[in-house]
Amino acid sequence: MDMTPMIDCVFLLMIFFVLVIDLSQKNLEDLILPRAEFMEPDESPPEGRPIINILQNGTVIYGGEVYFDPTEDGKNYKKIADLLLNIRRDGIAKETLHLVDKDIGGATAKVIDDPILIRADKWTEWHFVGEVMKQCSQPQIAFWKVQLALSDQDKETNVKNASIK
């Protein structure tokens, strides 16, 4: 019996699965996420949800590219605002993000009705995360649904939440 076609099929399937797994994780940096005492599982994340990664030193990464580096940019957060504006513009153009009218303080504003996910390392200084959140709330950007990534288990100590099953 000739096994060559069977081996070819197996190798093709292996290549396919390696590529699919790699592409689905391209927006996720290797971070130690903070452990949450109480959290809601992210069972069905919205397709096309923007994911911002903030490294321990405050570097902001989106789609595998560095957009803000505090050692080079200091406290000039314009690059973060520009990144979020580009995410908004591209998401609306590709129809992965949707605008809605929202009543804010008696005035109607157009805001993005889809969430943005912020993933920050456990040891990231809070002001870097706060700056990204502040930029999300700017009127020209208007992400009003911000999600924070947390872990149910501490990667360093392997302590798992008792409330998570």
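The values are calculated or read from the model by the stated rules, or taken from the named source; none is laboratory data. On a predicted model such as this, the values are computed, not experimentally measured, just so you know. As a convention, Cβ positions derive from the backbone with ideal geometry for all residues, glycine included, and neighbour counts pool all protein chains shown.
Is there a residue in the stretch 146-161 that is at pLDDT 90 or above and crowded, with 16+ Cβ neighbours inside 10 Å?
no
Taking the criterion of being surrounded by 11 or more Cβ atoms within 10 Å (Cβ to Cβ), out of contact with any Pro (no Cβ under 6 Å at 6 or more places or on another chain) and closer than 22 Å to Leu31 by Cα, would at least one residue in the stretch 91-100 satisfy it?
Taking every residue of the stretch 91-100 in turn, none turns out to be surrounded by 11 or more Cβ atoms within 10 Å (Cβ to Cβ), out of contact with any Pro (no Cβ under 6 Å at 6 or more places or on another chain) and closer than 22 Å to Leu31 by Cα.
Taking the stretch 112-135 on its own, how many of its residues are surrounded by 19 or more Cβ atoms within 10 Å (Cβ to Cβ) and either among the small types (Gly, Ala, Ser) or more than 17 Å from the chain's Cα centre (by Cα) (or both)?
Selection size over the stretch 112-135: 1.
So for the stretch 43-54 (the condition being crowded, with 19+ Cβ neighbours inside 10 Å and of a type in the set (Lys, Arg)), does at least one residue qualify?
Checked the stretch 43-54: no residue is crowded, with 19+ Cβ neighbours inside 10 Å and of a type in the set (Lys, Arg).
Going residue by residue through the stretch 13-22, is there one that turns out to be among the aromatic types (Phe, Trp, Tyr) and either in contact (Cβ under 8 Å) with a residue 40 or more places away in the chain or on the phi > 0 side of the Ramachandran plot (or both)?
no
Among the strands (runs of 3 or more DSSP E) contained in the stretch 5-118, which hold 2 or more residues that are over 19 Å from Gln147 (Cα atoms), polar (S, T, N, Q) and at pLDDT 85 or above?
none
Identify all residues within the stretch 60-82 that are in contact (Cβ under 8 Å) with a residue 24 or more places away in the chain and within 16 Å of Gln135 (Cβ to Cβ); write none if there are none.
If the condition is that a residue be in contact (Cβ under 8 Å) with a residue 24 or more places away in the chain and within 16 Å of Gln135 (Cβ to Cβ), then Val60, Ile61, Tyr62, Pro70, Tyr77, Ile80, Ala81 are the ones that fit.
Given the criteria over 12 Å from the mean Cα position of the chain (by Cα) and surrounded by 17 or more Cβ atoms within 10 Å (Cβ to Cβ), does Arg88 qualify?
yes
Would you check which residues across the stretch 119-144 are touching a strand residue (DSSP E or B) at 6+ places or on another chain (Cβ under 9 Å) and in a loop (DSSP other than H, G, I, E, B) and list them?
Listed by number, the residues that qualify are Asp121, Lys122, Thr124, Ser137, Pro139, Ile141, Ala142, Trp144.
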